[in-house]
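For reference, the structure discussed in these notes is given below.
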Amino acid sequence: QVQLVESGGGLVQPGGSLRLSCAASGSIFSSYDMGWYRQAPGKQRELVAVATSGGSTNYADSLKGRFTISRDNAKNTVYLQMNSLKPEDTAVYYCNARPQRTLITLDYWGQGTQVTVSS
């Protein structure tokens with residue numbers, strides 16, 4: 001089964017940058033849609049960005065221009081580059097993997113990594 005290992009979270013000052021990474025198990029990474037979601041305390045989980053198996057990307061409108069998703073299929077890894085961070089970006093960030101060409105929708109999740117933006 002798919003397992004996701006995340007790294008790169010931590011404490012950063014407003015205006016700073018972080019890069020999150022998520023490594024997926026298996027040898028069929030190229031057939032997965034990969035995404036990042038986040039959840040702040042008391043709020044609903046929200047989409048941050050998706051990099052599809054077909055090579056396209058999608059972003060939450062409010063984050064477009066500050067966050068960039070990318071993937072390295074040879075390393076089975078997806079990244080989230082976060083720039084110009086704001087306190088309201090503070091949340092637990094989750095990696096998501098969705099294999100394509102399955103009979104039902106399957107979602108795999110990482111353990112989450114804390115991002116805190118504070119001075």
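Scan the stretch 92-118 residue by residue and report those that are touching a strand residue (DSSP E or B) at 6+ places or on another chain (Cβ under 7 Å) and on the phi > 0 side of the Ramachandran plot. Gly112, the sole residue that qualifies. Can you go through Gly16, Gly9, Gly35 and tell me which one is open to solvent by 30 Å² or more (accessible area, probe 1.4 Å) and not basic (Lys, Arg)? Of Gly16, Gly9, Gly35, the one residue that is open to solvent by 30 Å² or more (accessible area, probe 1.4 Å) and not basic (Lys, Arg) is Gly9.
Residue count for the stretch 88-102 under the criterion of being farther than 14 Å from Gln114 by Cβ and open to solvent by 40 Å² or more (accessible area, probe 1.4 Å): the result is 5.
Results for (1) over 10 Å from the mean Cα position of the chain (by Cα); (2) free of Cβ contacts under 8 Å to residues at least 24 places away in the same chain; (3) outside any loop (DSSP other than H, G, I, E, B), shown as yes or no for each residue.
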| position | (1), (2), (3) |
| --- | --- |
| Gly35 | no, no, yes |
| Gly54 | yes, yes, no |
| Thr68 | no, yes, yes |
| Val92 | yes, no, yes |
| Arg101 | yes, no, no |
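Looking only at residues in the stretch 37-52 that are in contact with a strand residue (DSSP E or B) (Cβ under 9 Å, 6 or more places away or on another chain), of a type outside the set (D, E, K, R) and part of a loop (DSSP other than H, G, I, E, B), which one is nearest to Glu88 (Cα to Cα)? Checked the stretch 37-52; the qualifying residue nearest to Glu88 (Cα to Cα) is Ala40.
Under the condition of being surrounded by 14 or more Cβ atoms within 10 Å (Cβ to Cβ), over 17 Å from Ser17 (Cα atoms) and modelled with pLDDT of 95 or more, the residues counted in the stretch 46-56 number 4.
The values are calculated or read from the model by the stated rules, or taken from the named source; none is laboratory data. Since this is a predicted model, take the numbers as computed values, not measurements. Heads up, the Cβs are rebuilt from the backbone with ideal geometry, glycines too, and the neighbour counts pull from every protein chain shown. Heavy atoms of the whole protein, side chains included, go into the accessibility calculation; ligands, DNA and RNA do not. Shrake-Rupley method; radii C 1.70, N 1.55, O 1.52, S 1.80 Å.
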